[in-house]
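Some notes on the structure that comes next.
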Amino acid sequence: MLGASASALISIDTSKSAVARGALDAGAAIINDVTAGHADPEMFPLAAERKAALILMHMQGTPRTMQVAPRYDDVVRDVGNFFRQQYERALQCGVDAMAIAFDPGIGFGKTVEHNLALLAHLERLRIQNRPLVVGVSRKSSLGKMIGSNAMEDRLAPTIAFTALLRERGANVLRVHDVKENVAALRATEALLEATAK
């Protein structure tokens, strides 16, 4: 149990409603479904019943097959259409529109080129002004971009993307190296505030 003293919102990463229900019972407030409701038809009704926040992520294929030659007609259009479809399904199940956020699923069934296209056109993925959640931290695609397989070499590009994606409209950024990314975001916020004056 998390208890009443927990000061942070806890999310559960699962595509199974039974697991999500148990996590919500234990104090979680957010369901992060990497299948955006596809894997379990009870996920949306559960989110509606429990008034839980819901992150709908795009993934092509399954975790075992997603990186086997991923293909799209137009990755930005295809992911955007998927978001619109799942958003409508969630609303039909009674999920509060204000509780929904979207994650393009960087690295989940996508090539480096697909990832870059999605990040370059992030605002085209926004549905009804709902938040966009992005996770690029330590992704293998960063290593491919810089020509290095070393995990430690992915910190600098992660920080660069964190700052740039905040400026481009990302509302939530998933990161591993919190201190470094928070520093980048503070500097970015200072510049954005100065620009707005």
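Structure notes:
- Surface composition of region 11-156: carbon plus sulfur atoms contribute 51% of the solvent-accessible area (1.4 Å probe, protein chains only, all chains present).
- Over every Cα atom in region 1-150, the radius of gyration and the widest Cα-Cα span, Dmax, amount to 15.9, 48 Å.
- Note on ARG21: accessible area approximately 90 square angstrom, rounded to 10, probe 1.4 Å, nucleic acids and ligands left out.
- Computed with every protein chain present, the accessible area of LEU9 is close to 140 Å² [probe 1.4 Å].
- Cα-based Rg of region 121-161 normalised by 2.2 N^0.38 Å, two decimals: 1.44
- Centre-to-centre separation between the Cα atoms of region 9-40 and those of region 112-154: 23 Å.
- Probe 1.4 Å - accessible area at VAL76, Å² to nearest ten: 10
- By accessible area with a 1.4 Å probe, ligands and nucleic acids excluded, highest first: order of ARG126, ARG71, ARG174: ARG71, ARG174, ARG126
The values are calculated or read from the model by the stated rules, or taken from the named source; none is laboratory data. Just so it is clear, the structure is predicted and the values come from calculations on it, not from any experiment. Side chains included, ligands, DNA and RNA excluded: accessible areas come from the protein's heavy atoms. Shrake-Rupley method; radii C 1.70, N 1.55, O 1.52, S 1.80 Å.
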